[in-house]
Protein chains: 2
Amino acid sequence: MPEIMNRQIQMASRPTGNPAPKDFCLVEGKIPDVTEDHLLVRNRFLSLDPYMRGRMSAAKSYAKPVEVGEVITGGTVGQVTQSRHPDFDEGDLVVTHGGWQEYSVVKGAECKKVNPSWPSPSLALGVLGMPGMTAYTGMKNIGKPVAGETVVVAAASGAVGSVVGQIAKIHGARAVGIAGTLEKCRFVIDELGFDDCLMHKAPDFPEKLKKACPDKIDVYFENVGGKVFETVAPLLNNFARIPVCGLIAHYNDTQLPEGPNTAPLILRDILVKRLTYRGFIVWDFAAQEQEALGSLAGWIDEGKLKYREDIVDGLENAPEAFMGLLQGKNFGKLIVRLG
Amino acid sequence: MPEIMNRQIQMASRPTGNPAPKDFCLVEGKIPDVTEDHLLVRNRFLSLDPYMRGRMSAAKSYAKPVEVGEVITGGTVGQVTQSRHPDFDEGDLVVTHGGWQEYSVVKGAECKKVNPSWPSPSLALGVLGMPGMTAYTGMKNIGKPVAGETVVVAAASGAVGSVVGQIAKIHGARAVGIAGTLEKCRFVIDELGFDDCLMHKAPDFPEKLKKACPDKIDVYFENVGGKVFETVAPLLNNFARIPVCGLIAHYNDTQLPEGPNTAPLILRDILVKRLTYRGFIVWDFAAQEQEALGSLAGWIDEGKLKYREDIVDGLENAPEAFMGLLQGKNFGKLIVRLG
C-alpha cells in the first residue's frame, strides 16, 4: 500500500500589506507519526478567518506568528483516521486547529467532537464555532444590548457580524448592518432580519447611517475599523459599548494614516460620552463555550438565527479565497472544502 | 443697614486655547432674593478643578457650558446665612455648586452639610469631595487594582491623582506617579507613599517609566492625555484597565495634533491586549457617594490617606490660579479662600 502523502499550504514569505500569491506555496510531504495522545485527522473543511492575517505578521500579538515555511494555521473540521487518544475513535468528526492541509496530526486534548445532529459539520467553524461564539460572548460580556437600543455592526453578512445583529434582534434591540455590496445588504435585511443595512462604499454612507439610527448608537461591535469606525464614532450615545473584536480594514496596513492625529478625539469622546471600549478574543471567554453553543444552536432550531456559508472547493484555492476575504469578496462564512 | 453686595467672577469672553485674564471679569452686584426651598450661602472656599475648562467651551459635553456674562460655575463650601429650606439652619456649613462668587443663592436640595468632625471644611472640595470620590469610584468600578499589579497615574500630587495612587497602595498594588516638578515627585514618594514618581518633562521620561514599571502597567488612570498617554500606552499589559477621567493636556487645544493618525494603533492595542478604556464622570456613580466618603475618611483616620491643599486667598485671584492649574502650577488640591 503506497504511503499517503499530505498536501499543505505553507507561508512562503511574510506578506507586506496585501498578501499576494507569492506569499503562499503548496507543498507535498509525508504525514508525521501519530504519537501517543494524538490523532491523525483527514481535514474536510478549513475555516478562513480575518484574524489569520495577524498570524502572518511578525508583530507581537496574542498568539505566536506563523513562520516562513510553516503551514498556515486555522480551524478545521475533519474525520479521525487514526486515534491514539482514548476519547476518540476512527471516524469521529472533530473540530480542531488543523491548519491549511489535508491531514493533520493533532493532540486529542485540542480536538472537540462535532455534534452529529447539526445540519452540517462545517457549522462548527462558523455560526456554531469560533465566529458564532465571538459574536455571542462579545455581546453578552461587553455589548450588553438592551431592548430599544441600537446595535451597529459591519461585515454584517459575515460569520461574526451576521450573528451579532441577530443577537441584537433577539434582545429586542434595533440592528443596523454595514456591508460591501447591495446584494449583501439585501440578504442582511431580508434573510437575517436586520432593521437596516447600508453600503459603506456609498458616497452618502454617513447620512444614511444617521438616518438608519434615529436614536443614535448604543453598541458598536467593532470588527473593521477605518472609515466605518470614523463614521460611527460621532453617532455613539452616552454610555455606548464598543466590543473590539477585529480591525480588518487595518490588517494590511503598512503604515499609519496621515494626520491630523485623531487620538485626542477618541479619548475625549470616551470621557465625555462615558464610552466603554473593550477588546476581546473569543477564548478570553472560553468558560462560556457550552452556554454559547447551546444558545446559538437553540436559536437556529427556533428559526431565530440564520447563517450563510461561502464554500470554496480545493485546498489549492485557499490562498486566493483568503486574499478575497480581506477585500470583503466572500459572502457569508468562508470555508474551503477539501476533496 | 446698607445692602450687602455680592462680588463674582464672570466669563467675559469664551477662551480660545489657554484662558487669558481678559476672559474673566470681576463684577459687583446685588444678591438675588432667596426664594422658597433655597439658601443664601456665604462662600468660604471655592474649588478650582480642571473640568471647568470644559464648561468654558461651547463644545457639546456632559454639562451645559457657562455663557458669556455668567458667573463661572464651581464647587464651593460656605456658611448658610439665610435658610428657606427646612433641612438647613443659619450657620450650617454646606458644600454645593455656588460658583466663583462671595454669596450664592442655591437650592437646598443641591446642598450637603459638611461633616463638622473633618479637619477642615475645605476637604469637602478635595479628598472628601468630588476629586476624592472621582479617584475612589474610578478605581473601584473601572481600575479594579489587584495586589501585585502596577497602577500609573499622572498629576500625581493633584487632588485626584494623589488619591488614586494611595488607593492603589491600599489594595497592595505598585503605585507609580507622574508629576511636573522634582518637588512634587519627592512629595508623592515621601509623603504619599507612592513607589515611584517621575517627571514627565524629563528627556528620559520613557526610559524611566519603563524602569519604574518592571512588570509593566495594569491600570492607567487617565487624567492628562497627550505625551504621557503616548508614553504609557506601549507599556500596558494584557487586560489593562484605563479609567478615563480627564484630559488636561488637551483642554486648551484648538486643533488636533499633526499626523500620523495613531487612532488605528489605539484600536489595535485595545484588540490585541484586550484593554478596557472606560470614561466616567464622578456623578455616574452618585449612588456610591456615602461608601466613597466613608472609606476615604476612614483611611485618613488610619493614616493611610494623605492630602495636600494649595490655598490661594481672595476671589480676585481665582482666574490666575485657574490659568495656573491648567499649566500644572498648583501643588495639591487648588482652593480659593474667601475673606
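Helix-only estimate, please: 222 nm mean residue ellipticity of chain A, summing -39500 (n - 2.57) across DSSP H runs of length 4 or more and dividing by its residues, to the nearest 500. Each step should come with its number before you reach the end.
Values: 9 runs with 80 residues, N = 339.
Helix-only estimate at 222 nm: -6500 deg cm²/dmol.
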*Calculated label separations, residue A:258, copies of the chain, 7 Å along the beta-carbon direction, nm*: 1.4
_Counted charge near residue A:192, where neighbours are those whose Cβ lies closer than 15 Å (Asp, Glu -1; Lys, Arg +1)_ = 0
*Which angle between 0 and 90 degrees, to the nearest 10, do you get for helix A:161-170 versus the longest principal axis of chain A when only C-alpha atoms count?*
60 degrees
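Using mean Cβ contacts within 10 Å as the protection proxy, how do A:154-167, A:89-102 order, highest first? All intermediate terms of the calculation are to be shown ahead of the outcome.
Details: A:154-167: 29.7, A:89-102: 20.3.
Going from most to least packed, we get A:154-167, A:89-102.
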*List the distances, in nm to one decimal, from the label point of residue A:141 to the label points of the same position in every other copy, shortest first, placing each label point 7 Å from Cα along the Cα-to-Cβ direction.*
2.2
*Sum up the charges of everything whose Cβ sits under 12 Å from the Cβ of residue A:171, counting Lys and Arg as +1 and Asp and Glu as -1, but leave residue A:171 out.*
+3
*³J(HN,Hα) across region A:125-137 via Karplus (A = 6.51, B = -1.76, C = 1.60, θ = phi - 60°), whole Hz, x for Gly/Pro?*
9, x, 4, 10, x, 3, x, x, 5, 4, 4, 5, 6
_Sparsely packed trypsin sites (Lys or Arg not before Pro) within region A:163-202, loop by DSSP, other Cβ within 10 Å at most 13_ = A:201
*Count charges around residue B:36 for me, please; just the other residues with Cβ under 12 Å from its Cβ, Lys/Arg as +1, Asp/Glu as -1.*
0
*Read phi for every residue in region A:68-73 and hand back ³J(HN,Hα) as whole Hz from Karplus 6.51 cos²θ - 1.76 cosθ + 1.60, θ = phi - 60°, with x for Gly and Pro.*
4, x, 9, 5, 5, 7
*Check residue B:199: other-chain or 5+ apart residues with amide H under 5 Å from its amide H, H built from backbone geometry?*
B:179
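For B:247-260, what's the mean count of beta carbons from other chains sitting within 10 Å of each residue's beta carbon?
Numbers: counts 6, 0, 2, 6, 1, 0, 3, 0, 2, 7, 6, 4, 7, 7.
For this peptide, the per-residue mean of nearby foreign Cβ atoms is 4.
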*If you keep only loop residues by DSSP, which GluC sites (Glu not before Pro) in region A:265-319 have at most 14 other Cβ atoms within 10 Å of their Cβ?*
A:302
*asked:* I'd like the distance between the alpha-carbon centres of region B:104-167 and region A:261-292, rounded to an integer number of Å.
replied: 26 Å
*Helix B:289-301 sits at what angle to the longest principal axis of chain B, using alpha carbons and giving 0 to 90 degrees rounded to 10?*
80 degrees
*Counting only residues 5 or more places away or on other chains, whose amide H sits under 5 Å from the amide H of residue B:103 once H atoms are built in the peptide plane?*
B:7, B:43
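Given axes a ≥ b ≥ c from the Cα gyration tensor, I'd like to know whether region B:125-165 is rounded (a/c under 1.5), prolate (a/b larger than b/c) or oblate.
Numbers: a/c = 2.77, a/b = 1.48, b/c = 1.88.
In terms of gyration-tensor shape, oblate.
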_Axis-proximal residue, chain B, for the rotation superposing B on A (Cβ, Å)_ = B:259, 1
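Can you give me the relative contact order of region A:29-119 as a percent, contacts being Cα pairs under 8 Å and 6 or more apart? Mind showing how you got there, number by number?
Details: 182 pairs, mean separation 32.5, N = 91.
Answer for region A:29-119 is 36 percent.
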*Once amide H atoms are built 1.01 Å from N in the peptide plane, which residues 5 or more positions from residue B:312, or in another chain, come under 5 Å H to H?*
B:335, B:336, B:337
*Please turn the phi angles of region B:212-218 into ³J(HN,Hα) values with the Karplus equation 6.51 cos²θ - 1.76 cosθ + 1.60 (θ = phi - 60°), one per residue in order, whole Hz, x for glycine and proline.*
6, 10, x, 9, 6, 10, 9
*Shortest first and in nm to one decimal, what separations exist between residue B:17 and its copies in the other chains, measuring from label points 7 Å along the Cα-to-beta-carbon line?*
3.9
*For the protein assembly as shown, rounded, prolate or oblate, judged on the Cα gyration tensor with a ≥ b ≥ c (square roots of eigenvalues), a/c < 1.5 rounded, else prolate if a/b > b/c?*
prolate
*asked:* Under 10 Å, Cα contacts only: if you run a Gaussian network model on chain B, which one of B:183, B:67, B:258 comes out with the highest mean-square fluctuation?
replied: B:258
_Entries in B:60/B:140; B:144/B:304; B:107/B:329; A:211/A:329; B:169/B:227 that, when Cα-Cα distance is taken, lie over 23 Å_ = B:60/B:140; B:107/B:329; A:211/A:329; B:169/B:227
_Alpha-carbon centroid distance for the pair region A:1-74 / region A:225-246, whole angstrom_ = 33 Å
*asked:* Return the unpartnered cysteines for chain A, using a Cβ-Cβ cut-off of under 4.7 Å.
replied: A:25, A:111, A:213, A:245
*Under a straight-distance cross-link criterion of Cα-Cα below 15 Å, which aspartates and glutamates are reachable from residue A:210, leaving out those fewer than 8 residues away in the same chain?*
A:149, A:195, A:196, A:218, A:230
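Before anything else, pin down the relative contact order of chain B: Cα pairs under 8 Å, at least 6 apart, normalised by residue count, whole percent. Numbers along the way, then the final one.
Details: 723 pairs, mean separation 59.8, N = 339.
After rounding, I find 18 percent.
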_I want the antiparallel fraction of DSSP beta bridges within chain B, as a percent rounded to 5._
55 percent
*If only Cα atoms are counted, what is the Rg of region A:187-275, and what is its Dmax, in Å?*
14.0, 41
_If you fit an axis through the alpha-carbon atoms of helix B:263-272 and take the longest principal axis of the Cα set of chain B, what angle between them do you get, 0 to 90°, nearest 10?_
60 degrees
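Decide, for region A:228-335, between rounded, prolate and oblate: order the square roots of the alpha carbon gyration tensor eigenvalues as a ≥ b ≥ c, take rounded if a/c falls under 1.5, and otherwise choose prolate if a/b is larger than b/c, else oblate.
Judged from the Cα gyration tensor, region A:228-335 comes out oblate (a/c at least 1.5, b/c at or above a/b).
Read-outs: derived from the displayed coordinates by stated rules, not from any lab. Predicted, not measured: the structure shown is a model, and the values here were computed from it. Glycine also receives a Cβ, built like all others from the backbone with ideal geometry; neighbour counts cover every protein chain displayed.
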